[in-house]
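See below for the structure under consideration.
The values are calculated or read from the model by the stated rules, or taken from the named source; none is laboratory data. A quick note: this is a predicted structure, and the numbers were derived from the prediction, not measured. A quick note on method: Cβ atoms are made from the backbone with ideal geometry, for glycine too, and the neighbour counts reach across all protein chains shown.
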Amino acid sequence: MHRFLILNWKLNPPTHAEAQRLLRDTVHAAKRVKQTTVVVCPPFQYLFGFVCRQSSVVSRQSIHFGAQDCFWESSGSYTGEISPLSLHQAGMRYVILGHSERVRACGETDEMIGKKIIAALQAGLRPIVCVGEDEHAHIRGKRASMLFVTKQLHNRLYQCSNLSSAMLAHIIVVYEPSWAISTVSGNVADDPTDAATMIGHIKDQFKKMGLSSLHEVLYGGSVHAGNIEPLAAHAAINGFLVGHASLYAREIRTMLAACEKT
Ligand code: PGA
């Protein structure tokens, strides 16, 4: 089945030379993929250079590029922001929005994320929208987690209800519980069956919200070569958003093999 493997480099690696090496390794690993769409999301300081040199580095178009965020306006007095239109014009096709690290560190609200989703779609980008319960809801149990995610979906996507089905179909949602993010901090991925159940719940919510054209929901949070297989065994999971493990060629190769196998 078709799957997405979204590689979120976050603010890594520290040098340009390492970033170029990682991109080459990623392109090499993705050379023979048939049913997996690989999207590399490097930090901005590398992204534009990579996309401009795309023809030489990514000759066979085996990978796509995405940004890790964008703003909701395309011009104006917004120091430090980046417009979705400029991303699209430069050749990007995807943008991650609503990542919990931005919500936590930059105070992004659901309303801001909703505006970004609309602006990204209008600019021709496919938004990769993160949702997921926090530690507090997780501790309170499955029902509390589902309510948390339902509320987030409504708050982040309600502005989309007037969009055409064709436009809506461009939205990719990621179930990424914030308590599961970052293996480096000692966190572990969600149980595969629980992740698939929550993804089923998210898909049910799309129908209830009149957004049935949305059908791609990925899982994110400490995915790596050692745990991807049981996750990939669930057909409800349409792919993965990977942070830390996206920085290592061997991890990428194994994760791609798991995506291709199912
Ligand atoms: P992780 O990060 O794979 O390192 O947990 C995932 C993400 O935050 O996108």
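Values for this structure:
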{"read-out": "Qualifying positions in the range 230-262 - part of a loop (DSSP other than H, G, I, E, B) and either of a type in the set (Gly, Ala, Ser) or farther than 19 Å from Val174 by Cβ (or both)", "value": "Ala233, Ala235, Ala236, Gly243, Tyr248"}
{"read-out": "Conditions (1) at pLDDT below 95; (2) crowded, with 18+ Cβ neighbours inside 10 Å; number of the one not met by Ser185", "value": "(2)"}
{"read-out": "In the range 43-78, residue farthest from Gln122 (Cα to Cα) [restricted to those that are modelled with pLDDT under 75 and of a type in the set (A, V, I, L, M)]", "value": "Val57"}
{"read-out": "Qualifying residues in the range 240-262 (those that are closer than 20 Å to Asn187 by Cα and out of contact with any helix residue (DSSP H, G or I) (no Cβ under 6 Å at 6 or more places or on another chain)) - the one farthest from the ligand (Cβ to nearest atom)", "value": "Tyr248"}
{"read-out": "Selection from the range 164-187 of residues that are farther than 23 Å from Ser213 by Cβ and part of a helix (DSSP H, G or I)", "value": "Ser178, Trp179, Ala180, Thr183, Val184, Ser185"}
{"read-out": "Residues (of a type in the set (A, V, I, L, M, F, W, C), surrounded by fewer than 20 Cβ atoms within 10 Å (Cβ to Cβ) and touching a residue at least 24 places away in the same chain (Cβ under 8 Å)) located in the range 248-262", "value": "Ala249"}
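Conditions tested, residue by residue: (1) of a type in the set (S, T, N, Q); (2) surrounded by 18 or more Cβ atoms within 10 Å (Cβ to Cβ); (3) assigned to a helix (DSSP H, G or I).
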site: Ala189; (1), (2), (3): no, yes, no
site: Asp194; (1), (2), (3): no, no, yes
site: Ile199; (1), (2), (3): no, yes, yes
site: Ile202; (1), (2), (3): no, yes, yes
site: Lys207; (1), (2), (3): no, no, yes
site: Gly210; (1), (2), (3): no, no, no
site: Leu214; (1), (2), (3): no, yes, no
site: Leu218; (1), (2), (3): no, yes, no
